[in-house]
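Comments concern the structure below.
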Amino acid sequence: MDLAEFYVACHPALSVTGVSGVIERVQELPVKVIEILYETDAQWFKLITPSQIKDDSARAVEQILRSSMPFDEVRETPAFWNDLPEPQSNIYEEQFHDFEGQFPSTMRGLPHKAIWTGLLSGHGFAAFEPLLKSGFVTSSLVPFLVEKLGCEVSSNLGGTIVYLATNVSQAVIDAAIETLENLLSLASRMADNVFHFIHSGKDRLSFRYLSHLGLSRSTYGTPHHVQAAVSIRAASKVGMKWVSDETVYHCHDMIKVDEGFRGFRDNPTDSRPSPRLGQTRSAVSSTSSGSQVFSLFDIAAAVDQVSLTDTESMYACPTSETRSLLDDDLHFLAEIDKKRKTKTAFVRMQPEGKTSASIKDQLASMCSVLTVLPGHVQVKLHFGRICVPNLDSSRVDLGNGPHWKKSDLLQGLHDTQPEMIFSSILTVLGQEADIIAGTNLPQHKRAWVPTSNNSTFQMECSYKEQSFTVLVDVEDLSFKCRSSRREVGCTYIHCPEHAWDMKVTVDQADLLDQSEFHAALGRDIVNSLQRFQTAERVEVPHFVTSLCRMQVADFSHAVIPDSVLSVSRVQKFVCANPRGSGTRPWCASKRQKDRCPGSYYTADIQSAKLNESLEANSTLALGGQIKAEDGTWSGDLLKSALTVISVLNDVGNYNDNSERANLTFRDGSAEARKREESYVFW
């Protein structure tokens with residue numbers, strides 16, 4: 001049955017006696033009025049009736065009001081009319097404080113009641129939609145609220161006013177209102193929690209195809225063809241014309257032997273330099289035109305001890321004393337560098353404090369959700385590549401623009417929120433991973449101090465229509481059960497004058513360790529690993545759908561100890577018998593030239609101080625709230641991230657996703673919808 005909700009106002013406002021009299025007479029009408037109550041804030045009657053008799057019901061209520069209280073006569077019945085000159089005065093509100101007619105009829109006999117209007121300024125119950133989409137709420141909303149709040153819950157048809165009632169105590173009602181406020185806070189912060197910033201001192205920017213930049217082959221894990229993806233690049237003014245940055249990142253052929261990441265070795269403090277992987281930024285600087293990158297981050301004086309100019313000297317070309325067979329095999333690269341208009345010299349300039357403060361403020365705003373976010377929560381700054389897969393080709397710079405003001409480009413990203421791709425795979429070589437953490441440098445020149453190593457099997461599982469993750473420690477086979485991770489918020493930090501970008505994420509997973517169902521499945525996995533496990537092959541139960549081994553080396557910054565850099569090697573495993581029952585064998589993937597290689601390295605930075613405070617979230621219930629962190633961690637996180645992003649231009653030169661860029665231009669999704677099928681864009 002279709003229902004209609006409508007309102008009938010009466011002026012001047014009625015007293016409690018008058019309202020009660022109208023409600024009684026309406027309930028006696030022959031027309032079917034499902035609900036009538038009086039909203040004291042607005043001083044009108046709210047009615048719910050079948051849609052087909054809405055008009056008849058409204059006329060009937062109007063007739064009751066007119067017949068009982070003729071408007072053309074002087075009021076003579078103070079008991080029926082409210083004679084207060086200010087209907088919304090405190091005295092008027094006190095008259096209706098315990099008025100039963102404010103609530104649905106099913107709640108009027110309960111002693112403890114309240115009206116929650118937190119949804120009036122939004123779209124009613126639709127404000128909770130992010131909780132439903134993310135899986136925080138798995139049932140219909142009202143039944144969930146009844147169970148969560150522990151009291152009766154009702155609302156108007158629009159879901160903008162919520163009625164609460166119980167016969168237990170007023171404390172139950174007070175706790176229910178607090179829970180509703182926290183749930184609304186979580187949902188609203190999840191709904192619009194994606195932001196963009198541009199780390200560049202240039203005021204003009206453009207979109208360039210990855211294939212033009214030499215980055216298409218080195219970009220892994222994108223769900224779309226990388227030839228159609230674009231990245232933000234900087235532009236400079238030459239005379240009266242804006243000219244795009246001509247930097248090109250050339251990929252090299254894969255070396256035959258990978259010595260592995262030094263951070264995983266038994267002696268991480270060994271200061272012997274590892275062989276270099278071709279020409280470095282120092283060499284490029286000597287052949288470039290001296291163009292510059294303007295840093296937007298505030299660098300504390302202490303960080304000057306690990307300055308970018310010092311870092312450049314750390315990455316010198318091989319000398320006769322340090323040259324290795326790898327360098328000899330790649331001697332032709334020097335000739336290539338002489339001929340190409342290639343990597344720009346990166347020189348540190350005076351930071352722009354205003355933009356740095358803006359980014360830190362935005363991170364603090366994005367992370368305000370942490371106070372109401374339950375479960376296993378992480379805040380990480382990831383290094384990787386940001387690109388847009390479906391941008392209208394008319395907005396892409398092919399040599400003559402268009403060029404955009406930074407403010408206009410940012411506004412466009414925030415307004416349209418285009419589909420974004422973030423590839424976190426930096427390299428497939430351990431020797432390039434050494435560059436990230438500086439483990440190829442002498443001890444006294446390292447910015448990062450090794451602190452710990454650990455290795456974990458990460459398994460995605462599906463059993464009886466439930467999806468979850470099991471993490472197993474490779475050494476002692478202890479395990480943890482988690483739900484699939486949810487990304488609750490993110491900030492993209494585009495770096496147009498670097499090969500790589502940054503992305504700060506807030507993600508969450510439910511803790512399932514106390515669930516006997518999940519614990520039993522975790523024990524099955526451990527039992528299988530105890531029976532058979534090698535470095536290249538494992539056997540696990542049939543409900544495991546995805547498996548990888550993550551080896552993680554953690555480092556603490558020498559000057560900013562709160563910053564923890566994690567360099568991770570991910571080894572993917574492939575199921576050798578996908579249709580087998582019982583346990584199935586999984587073998588380490590050897591494919592390296594693929595859209596997603598068999599093994600690769602990623603890197604991220606976290607705040608030790610923030611991680612410690614986030615432990616409280618693991619015991620936080622959905623709808624609860626904890627004390628907010630002071631936010632000072634964000635500045636240190638950005639400072640330490642800058643020391644990493646400055647050297648990442650030397651990382652990924654040997655990546656090969658098997659794509660070959662032929663500068664093929666493709667329609668974006670927006671163009672394709674407008675273009676007739678008989679036309680082809682090329």
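Quick grid of which residues meet (1) among the polar types (S, T, N, Q); (2) under 22 Å from the mean Cα position of the chain (by Cα); (3) within 23 Å of residue 508 (Cα to Cα):
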| residue | (1), (2), (3) |
| --- | --- |
| 136 | no, yes, yes |
| 151 | no, no, no |
| 173 | no, no, no |
| 182 | yes, yes, yes |
| 196 | no, yes, yes |
| 219 | yes, yes, no |
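For the range 101-125, the set of residues classified as surrounded by fewer than 16 Cβ atoms within 10 Å (Cβ to Cβ) and part of a helix (DSSP H, G or I) consists of 105, 106, listed by residue number.
Residue 258 meets the conditions (1) assigned to a loop (DSSP other than H, G, I, E, B); (2) over 20 Å from residue 646 (Cβ atoms); (3) at pLDDT 80 or above in every case but one. The failed one is (3). Against the conditions (1) in contact with a Phe, Trp or Tyr (Cβ under 7 Å, 6 or more places away or on another chain); (2) in a helix (DSSP H, G or I); (3) buried (at least 19 other Cβ atoms within 10 Å of the Cβ), residue 145 satisfies every one except (1).
For the range 575-609, filtering for residues that are among the small types (Gly, Ala, Ser), farther than 20 Å from residue 458 by Cβ and touching a residue at least 40 places away in the same chain (Cβ under 8 Å) leaves 3.
Scanning the range 599-607 for any residue that is modelled with pLDDT of 95 or more, farther than 22 Å from residue 364 by Cα and surrounded by fewer than 22 Cβ atoms within 10 Å (Cβ to Cβ) turns up at least one such residue. Filtered by the rule that a residue be part of a helix (DSSP H, G or I), touching a His at 6+ places or on another chain (Cβ under 8 Å) and not polar (S, T, N, Q), the range 148-173 gives 172, 173.
The residue that is nearest to residue 22 (Cα to Cα), among those in the range 60-76 that are modelled with pLDDT under 70 and surrounded by 12 or more Cβ atoms within 10 Å (Cβ to Cβ), is 68. Please pick out the residue among 434, 397, 415, 408 that is surrounded by 15 or more Cβ atoms within 10 Å (Cβ to Cβ) and over 17 Å from residue 230 (Cα atoms). Exactly one residue qualifies, and that residue is 434. Determine whether the range 620-636 contains at least one residue that is in contact with a strand residue (DSSP E or B) (Cβ under 6 Å, 6 or more places away or on another chain), of a type in the set (A, V, I, L, M, F, W, C) and either over 30 Å from residue 227 (Cα atoms) or in the same structural domain as residue 438 (by the TED database) (or both). Yes: one or more hits. In the range 7-35, the residue that is nearest to the chain's Cα centre (by Cα) out of those that are assigned to a strand (DSSP E or B) and without any contact (Cβ under 8 Å) to a residue 60 or more places away in the chain is 7.
Table: residues versus (1) within 30 Å of residue 372 (Cβ to Cβ); (2) part of a helix (DSSP H, G or I); (3) in contact with a helix residue (DSSP H, G or I) (Cβ under 8 Å, 6 or more places away or on another chain).
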position: 490; (1), (2), (3): yes, no, yes
position: 493; (1), (2), (3): yes, no, yes
position: 520; (1), (2), (3): no, yes, no
position: 549; (1), (2), (3): no, no, no
position: 554; (1), (2), (3): yes, no, no
position: 568; (1), (2), (3): yes, no, no
position: 571; (1), (2), (3): no, no, no
position: 577; (1), (2), (3): no, no, no
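Looking across the range 533-557, the residues that are β-branched (Val, Ile, Thr) and more than 18 Å from residue 439 (Cβ to Cβ) come down to 534, 538, 540, 544, 545.
Once the range 15-59 is narrowed to residues that are in contact with a Lys or Arg (Cβ under 8 Å, 6 or more places away or on another chain) and buried (at least 19 other Cβ atoms within 10 Å of the Cβ), the residue that is farthest from residue 102 (Cα to Cα) is 49. Of all residue pairs spaced 6 or more apart or on separate chains, none has beta-carbon atoms under 7 Å together with a first member in the range 109-121 that is among the aromatic types (Phe, Trp, Tyr) and a second member that is assigned to a loop (DSSP other than H, G, I, E, B). Among what's in the range 547-598 and is of a type in the set (A, V, I, L, M) and under 27 Å from residue 467 (Cα atoms), pick the residue that is modelled with the lowest pLDDT. Per the stated criteria, the residue is 576. Just one of the listed residues (191, 176) is buried (at least 19 other Cβ atoms within 10 Å of the Cβ) and either under 23 Å from residue 371 (Cβ atoms) or small (Gly, Ala, Ser) (or both), namely 176.
The values are calculated or read from the model by the stated rules, or taken from the named source; none is laboratory data. Predicted model only: the values in this text are computed from it and were never measured. Every residue, glycine among them, receives a Cβ derived from its backbone with ideal geometry; neighbour counts consider all protein chains shown.
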